[in-house]
Amino acid sequence: MEAYDAVARDYAAVFDRIELRTFEWPWIRNLVARERPRSVLDLGCGNGYLSGALAGMAPDICALEPSPVMCSIARKNLDGAVLLRQGAAESIPFGDRRFDMVISLLSFRYMVWDRALDEIRRVLKSGGVFILADLFAGSFNPLYLHRYAASWAAARIHCVRDREYYKKLRALTGSERWRTMLGEHPKRSAACARKAVAEQFHIERIQLLSAALRGSTVGFVCRNRTLSG
Ligand SMILES: C[S@@+](CC[C@H](N)C(=O)[O-])C[C@H]1O[C@@H](n2cnc3c(N)ncnc32)[C@H](O)[C@@H]1O
């Protein structure tokens, strides 16, 4: 059984549109607009909302998702707009140098990093970009006080504006299934991720996207430095 099978339906019901990713989506959208990739892989695509949003921005979008339950939700949502495959980052079912860009939005946490990074590098073209945005373990940093406040306020405003979303979010995060799943996949630190990624990629940029006491969302822009291909 895959990590997300037990929570897939509840998760997909809460996060049903990419705009709910207030911090991550504008950042990713700008990077895609700047890089203008022709081929993109959405790695750990969940219900497919990112792939769906990218479909208008690049001609060749593929999506990969290991959970059969999540995959069937994505298949329904995407309705053939992108090429969706079931599989995991540690063994990507696409050929070498297939993509200009690979994006992992909130899925890296669940991967075996060294194996997944090997595979991401393999499927990326030379000079291709790996964009990673995920939640990492945090510890209190007084220098980030203004960022904690800004991120908290942005999240609160969202919840106040959209009561239905807030209700569903509370139900999801309060559920035993959700807590069990997260407990089995504890957050790791951004410093560890940076070390693992730097072994395989040239890291061009690391950006704090949102900050909270219990963890922060960090974005990495990484370039494939493989010269062949
Ligand atoms: C928090 S959800 C994020 C889904 C989607 N990217 C989004 O932004 O909503 C994490 C996703 O990572 C997927 N996942 C878990 N292990 C994975 C792996 N080894 N390779 C790729 N995806 C994985 C899960 O099945 C789940 O769909």
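The values are calculated or read from the model by the stated rules, or taken from the named source; none is laboratory data. Computed from a prediction, not measured in an experiment: that's the story for all the values here. Positions of Cβ are generated from backbone atoms using ideal geometry, with glycine treated the same way; all protein chains shown enter the neighbour counts. For the accessible areas, the whole protein counts, side chains as well, though only heavy atoms, and no ligand, DNA or RNA atoms are used. Shrake-Rupley method; radii C 1.70, N 1.55, O 1.52, S 1.80 Å.
Key figures for this structure:
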{"read-out": "Rough spin-label spacing in nm, given labels placed 7 Å along Cα→Cβ, for ALA196 and GLU2", "value": "1.8"}
{"read-out": "Proximal charge balance of ASP5 [Cβ under 13 Å; K/R count +1, D/E count -1]", "value": "-2"}
{"read-out": "The chain - percent relative contact order, Cα under 8 Å, separation 6 or more", "value": "21"}
{"read-out": "Share of pairwise Cα separations in the chain, more than 25 Å, in percent", "value": "38"}
{"read-out": "Cα-centre dipole for the range 11-67 with unit charges at Cβ (Lys and Arg positive, Asp and Glu negative), debye to 20", "value": "220"}
{"read-out": "Debye, to nearest 20: dipole size of the range 8-224, +1 on Lys, Arg Cβ, -1 on Asp, Glu Cβ", "value": "440"}
{"read-out": "Order of exposure, largest accessible area first, which applies to GLU35, GLU164 with probe 1.4 Å", "value": "GLU164, GLU35"}
{"read-out": "Principal axis dimensions, the range 185-229 - Cα atoms, whole angstrom, descending", "value": "42, 20, 14"}
{"read-out": "Separation of the GLU19 and LEU143 label points, Cα + 7 Å toward Cβ, nm", "value": "3.6"}
{"read-out": "Euclidean distance of C-alpha centroids, the range 1-64 and the range 155-229, integer Å", "value": "13"}
{"read-out": "Computed label-point distance, nm, for sites SER72 and GLU35 using a 7 Å Cα→Cβ extension", "value": "3.3"}
{"read-out": "For the chain: accessible area per residue (Å², 1.4 Å)", "value": "50"}
{"read-out": "Stretchable slack from SER189 to ARG85, in nm (0.36 nm times residue separation minus alpha-carbon distance)", "value": "34.5 nm"}
{"read-out": "Peptide ranges 2-9, 117-124, 48-55 listed from the most packed, as the mean C-beta count within 10 angstrom indicates", "value": "48-55, 117-124, 2-9"}
{"read-out": "Of all accessible heavy-atom area on the chain, the percent that carbon and sulfur account for (1.4 Å)", "value": "52"}
{"read-out": "Sites ASP162 and ASP96, calculated FRET efficiency, Cβ-Cβ separation with R0 45 Å, nearest 0.05", "value": "0.55"}
{"read-out": "Rg(Cα)/(2.2 N^0.38 Å) for the range 71-202, N = residue count", "value": "1.27"}
{"read-out": "Trypsin sites (Lys or Arg not before Pro) restricted to the range 141-229 and DSSP loop, no more than 14 other C-beta within 10 Å", "value": "ARG214, ARG225"}
